[in-house]
Amino acid sequence: MELTGAEIVVRCLKDEGVEYVFGYPGGAVLNIYDEIFKQDAVKHVLVRHEQGAVHAADGYSRSSRKVGVALVTSGPGVTNAVTGIATAYMDSVPMVVLTGQVPTHAIGQDAFQECDTVGITRPCVKHNFLVKDVKDLATTIKKAFYLAASGRPGPVLVDIPKDVTQASTEYSYPKTVSLRSYNPVTKGHLGQIKKAVQLLLDAKRPMIYAGGGVILNDAAPQLTRLTRLLGFPCTNTLMGLGAFPGTDPQFTGMLGMHGTYESNMAMQHCDVLIAIGARFDDRVIGDPAHFSRGDRRIIHIDIDPSSISKRVKVDVPIVGYVADVLDEMIRQIENSPQRPDAAALKAWWADIKEWQRKDCLKYDRKSDLIKPQMVIEKLYAITKGDAIITSDVGQHQMWAAQYYRFDKPRRWINSGGLGTMGFGLPAAMGAQMANPDATVACVTGEASIQMCIQELSTCKQYHLPIKVVNLNNRYMGMVRQWQEFFYGNRYAESYMDALPDFVKLAEAYGHVGLRIEKPGDIDGALAEAFKLKERTVFLDFMTDQTENVFPMVPGGKGLTEMILAEEL
Amino acid sequence: MRHILSILVENEAGALSRISGLFSARGYNIESLTVAPTEDATMSRMTIVTIGSDDVVEQITKQLNKLVEVVKVVDLTEGNHIERELMLVKVRASGKDREEMKRLADIFRGRILDVTDKSYTIELTGTGSKLDAFITAIEPGVILETVRTGASGIGRGERILRI
C-alpha cells in the first residue's frame, strides 16, 4: 500500500520507537501534523517556542539515553530552533530534528517562510539532509537516527519540503542502514590500551579526568570500577558530573574555571593523566601553553579522533567507545601481576589532602542574606541527591555543579559547550517526560529563566511537576562577576531592572509561586514545594547580590592561577 | 608547510559546501581547490592545497574524515606524488613580441590554443611553480588574462586512492 510522505514520517517515528516528539506546527508541516492527529503511538508535545522544542528533546535525550526528536516548520521555525540545535551539537546529544520546507518547486524563489535550512544548520549539525523525493524519505529518516546515535552522537536534521509530504510511495522502513563514507572507529586499539595500562601502573602521581563522553556512552560503571581498582583520584568536567560518584572519597570535585583547588592542582602536577571522554576544553584547562608546562604523560580515550591532540598533545591516543576501552583496561589491569605503586600513591594523596585543606568551596554560612550555595546544598538535602537537575547558564549553573553532588549519571543536565541561557526549563520538561516518576528541578537565575519563560505554559498543559529554583540576585550574575573582577566594577547592562513578580507570573501560568527572602525560610519553602508532587512550583529565592563563584581561573590564565574566595 | 590533500567524497549536493565551510569555520587556509567526478559517477575527487603546521594539517585531515560525506582523505605530500596544474594565459602578441612569445611558450612546453592577429592563448601544464615561472618570465604588461585550475595530484607508483 502506498503512503503519503506525511504518513511515512509518522510511521518512521513509530517504527523507530519514538515516544515523544517536541514541536510546533506551521504551514510547511501541516500534512505531518494532520497525520500526528490521526494516531496515538507517537505523542506530540506542543511547546511555546521552537527553541523550547529542541531543548526539550535535548533534555529528554540526556536524561533517557534515547534519541530526542523535534519537529518544526520552515523559515522562522527553523531559525528559532537553531540555538537548540547548536546547543545539542556542542554537547554531542543524539537528536533528530525534522523541519518543514517550502515545496520543492518553490525552493530558491524566496517563498513565504522559506530559508536555506540545510545551509543555516550545516555548521551546527552532525549531518543534515534535504529530501527531494518521497522515495528517499524513509531511508533518510533511518539514516538520521543511525547517524545521531552512533559514533560521537549529535543532532541530525532532515528537511522535508511540503510536496514531499503530499506525494505517495510504497513504505518500508529499513532495519539497518550503512553508509560507505561513515565508519567510526569504535573499538580501541589493543596495543595502545596495553601501553596506557603500563603507564597507569607505573604512575607516581596519577589523575583521572573524565568528561561527558563517559555519560553519553553509559560508561559510568566502568569508570567507577577502574578508579576504585587503581585507587587514583578522579575529577569530572562540568559535562561529566555524575560519571563518578560525587560523594566518593576518591572524587576531587569538578575541575576547570570554577573547579576545585585540589582538582586543578592535581591536573597540573600529576605525572600521568588519563582523559576519558573529555576534550581539554578552554574552560577546563585554561591556557593550553601554561597547562603543557606540566611534566606529565597523557592518555586520551575518545570516540572522536579530532578531539585528540587538538588543544593538548597526548602521548597515548585511544580512539573508541569509552565503555569498551575501559572494559579492556580493567581486564588487563586485573590480569597484570603489577599493582599501582602504593607508597607513591600515598604520598600523592597526602598532597591532594593538603590542597583540600584550602576548603575552596567554603562560604559564609551565617550570613543574614540567602547564600545561593546554601540553597543548592538544601536542595541536595531535600532531594536526597537523587533528583534530575537541569540548569541555565551563569553563576547559578556553577553553584549547582559545585554544591549538588551527583552520584549517578544523567542527573545533571546543562548546556556546557554552547552555554545557552534559556536551556534549563525546556530541558527539565523533556527530562520529566522521559522520567515521569523522577523529581526534576531546574536551577536558574532571573536572567536566564526569562529567555524561555513561555514554557511555563507547556508545563501547565502537560502537568509537569517541575520545581524551578530561581536564584534571583537581580543581576546577570556571571557578567557582573567578570565586570567586578576585570572591568573596574563598571556594571554595564548587567543589572536586571523592571523584573516581573515571579510569584504572580507563576500564578498567572497556573502554577504555585513562592518568594523566599530569609535564610531561615529556605528549608520550609523547599519542603512545601517538593510536597506538591503534582504541581509546577516556582521558587523565587532573593539571594545575596554580591556573591561570586569561587574558585575562579580567569579566562586565558593557567589552571593553577586560581582566585580563591579568601583572596579578595 | 604546503600540503596537498586528496579527498574522495560522495557526489552529492552540498558536499562541496560542507568541506569549504569546514575550512572557513575553523580558520584553515585553502590555497586551491579542484573537484570533479571520478570514473565512478557517485563519487567525486577533490584536491585541496593548504598551508599549515603538521599539527594543523593533522586536525584538518581528522575534521575532513569526520564529515559524513567524505569517504577517504590522503595527504599526498606525505609520500611521492605527482602534481599538475593547468593554466590558460591570453597574452598580447603583436609586432616583435609575437615571435618572442611563441618561443617562450615552446621553452615552457606550452601550446598555443587560439590565435588572433594581436594575441595568443597559451595552454601550460606543470607544477604551480613552473606556471609561476612562466608568468615571471614574460613582461607583466603583455598578460591580458590568466586562469588556473589549481593543483591536481596523484600518488606515484603503487600509491592508489580508491575505496
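What follows draws every value from the coordinates through simple rules; no lab data is involved. All values reported here derive from a predicted model rather than from experimental measurement. We place every Cβ from the backbone using ideal geometry, glycine too, and count neighbours over all the protein chains shown.
Listed values, structure above:
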read-out	value
Charge dipole magnitude, Cβ of K and R +1, D and E -1 - the range A:2-170, Cα centre, debye nearest 20	600
MRE, 222 nm, helices only [DSSP H, n ≥ 4, -39500 (n - 2.57), over chain B, to nearest 500]	-8500 deg cm²/dmol
Candidate lysines - alpha carbon under 30 Å from A:Lys142, same-chain residues fewer than 8 apart omitted	A:Lys14, A:Lys38, A:Lys43, A:Lys66, A:Lys126, A:Lys132, A:Lys162, A:Lys175, A:Lys187, B:Lys62, B:Lys66, B:Lys72
Range of Cα positions in the range A:190-356 per principal axis (Å), largest first	37, 36, 30
Angle in degrees between helix B:54-66 and the longest Cα principal axis of chain B, rounded to the nearest 10	70
Lysine pairs with alpha-carbon atoms under 23 Å apart, the range A:469-567, spacing 8 or more or separate chains	4
Cα gyration tensor of the range A:372-549 - equivalent ellipsoid semi-axes, whole Å, descending	24, 17, 16
Antiparallel %, DSSP beta bridges [both residues in the range A:372-549], to 5	5
Ordering of A:238-251, A:421-434 by packing [mean C-beta count within 10 Å, highest first]	A:421-434, A:238-251
The range A:188-243 versus the range A:339-377: alpha-carbon centroid distance in Å	21
Cβ-placed point charges (K, R +1; D, E -1), dipole of the range B:82-152 about Cα centre in debye, nearest 20	100
Binned Cα-Cα distances of the range A:2-170, short to long, each 5 Å bin given as a whole percent	2, 10, 21, 25, 23, 14, 5, 1, 0
Derived scalar couplings ³J(HN,Hα) [the range A:527-538; Karplus, 6.51 cos²θ - 1.76 cosθ + 1.60; whole Hz; x for Gly, Pro]	4, 4, 5, 6, 6, 7, 6, 9, 10, 7, 10, 9
Principal axes of the range B:82-152: Cα extent on each, largest first, Å	38, 19, 18
The range A:190-356: Lys pairs at Cα distance under 19 angstrom, eight or more positions apart or on different chains	5
Solution diffusion estimate, µm²/s, Stokes-Einstein, chain A, Kirkwood Rh from C-alpha pairs, 4 °C, viscosity 1.567 mPa s	53
Cα-centred dipole magnitude for the range A:203-337, charges only on beta-carbon of K, R (+1) and D, E (-1), debye, nearest 20	320
J(HN,Hα) series, the range A:25-42, from Karplus relation 6.51 cos²θ - 1.76 cosθ + 1.60, nearest Hz, glycine and proline x	x, x, x, 6, 10, 4, 4, 5, 4, 4, 6, 4, 4, 7, 9, 10, 5, 9
Descending Cα extents along the principal axes, the range A:320-407, whole Å	58, 33, 24
Scattering profile of the range A:52-137 at q = 0.20 Å⁻¹ [log10 I(q)/I(0), Debye over alpha-carbon scatterers]	-0.90
Sites B:Arg26 and B:Thr136 - FRET efficiency at Förster radius 51 Å, r taken between beta-carbons, to 0.05	0.95
Nonlocal amide H pairs with A:Gly253, under 5 Å, H built at 1.01 Å	A:Asn236
Positive-end residue, the range A:2-170 charge dipole about Cα centroid, Cβ charges, pick of A:Thr83, A:Val131, A:His49	A:Thr83
Reachable lysines, given that their alpha-carbon falls under 28 Å from the alpha-carbon of B:Lys96 and they are not under 8 places away in the same chain	B:Lys118, B:Lys130
Fraction of antiparallel bridges per DSSP, the range B:2-79 only, in percent to nearest 5	100
10 Å Cβ shell holding at most 15 others, DSSP loop, GluC sites (Glu not before Pro): longest site-free stretch of chain B	B:40-157
Set of aspartates and glutamates near A:Lys460 by C-alpha distance (under 13 Å), chain-local residues within fewer than 8 positions excluded	A:Glu507, A:Glu534
Rg and Dmax [Cα atoms of the range B:2-79; Å; Rg one decimal, Dmax integer]	11.6, 34
Helix-only [θ]222 nm of chain A, DSSP H runs n ≥ 4, -39500 (n - 2.57) each, per residue, nearest 500	-11000 deg cm²/dmol
